[in-house]
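What follows is one structure encoded as structure tokens, with my remarks underneath.
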Amino acid sequence: MRPEIKSAQDSPARQLTVELYGRLKDQLGFVHSTRQTTATTPAQLWQELVAERLQQHKGLEAAQLAPESIRPVINDTFAAWDDTLTEGDRVAFLPPSSGG
């Protein structure tokens, strides 16, 4: 199920630390970033990150970055896509992993 994404434009900007793991760091082009954002949920933040990367890398397909199999984490705790982000949060996105 695709997470519902509401507009963040009326929200004040907040500073967040964003961390990416696995294939996501290669697909989005960074591992760790501190950024100002108006995103109020992991879903909004993910949409923002993907939109920026798709503008920079025209060969990347949006389907490769679909959130269905990605887990958001806020401050070291698994989170829901619609959980609230606050100033100073550390948000990570984890791709699916396979064991062996």
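Every number here is computed from the coordinates shown, using simple stated rules; none is lab data. Note that the coordinates shown come from a computational prediction; the quantities given were computed from them, not determined experimentally. We place every Cβ from the backbone using ideal geometry, glycine too, and count neighbours over all the protein chains shown.
How high is the FRET efficiency between H57 and T84 when r is their beta carbon distance and R₀ equals 25 Å, given to the nearest 0.05?
It comes out at approximately 0.25.
With a cap of 15 neighbouring Cβ atoms within 10 Å, and only residues DSSP puts in a loop, list the trypsin sites (Lys or Arg not before Pro) found in the stretch 15-100.
When the trypsin sites (Lys or Arg not before Pro) of the stretch 15-100 are filtered for loop state and at most 15 Cβ neighbours within 10 Å, K58 remain.
Quick check: net charge around V73, other residues with Cβ under 13 Å of its Cβ, Lys/Arg +1 and Asp/Glu -1?
-2
Hey, what did the stretch 20-94 get for relative contact order, percent, Cα under 8 Å, at least 6 apart?
About 38 percent, as a whole number.
First select every other residue whose beta carbon is under 11 angstrom from the beta carbon of P42; then total the charges, Lys and Arg +1, Asp and Glu -1.
Net local charge, P42 excluded: -3.
Given Cβ point charges of +1 (Lys, Arg) and -1 (Asp, Glu) and nothing else, what value in debye, to the nearest 20, does the dipole of the stretch 20-94 about its Cα centre take?
Here the stretch 20-94 has a charge dipole of around 300 debye.
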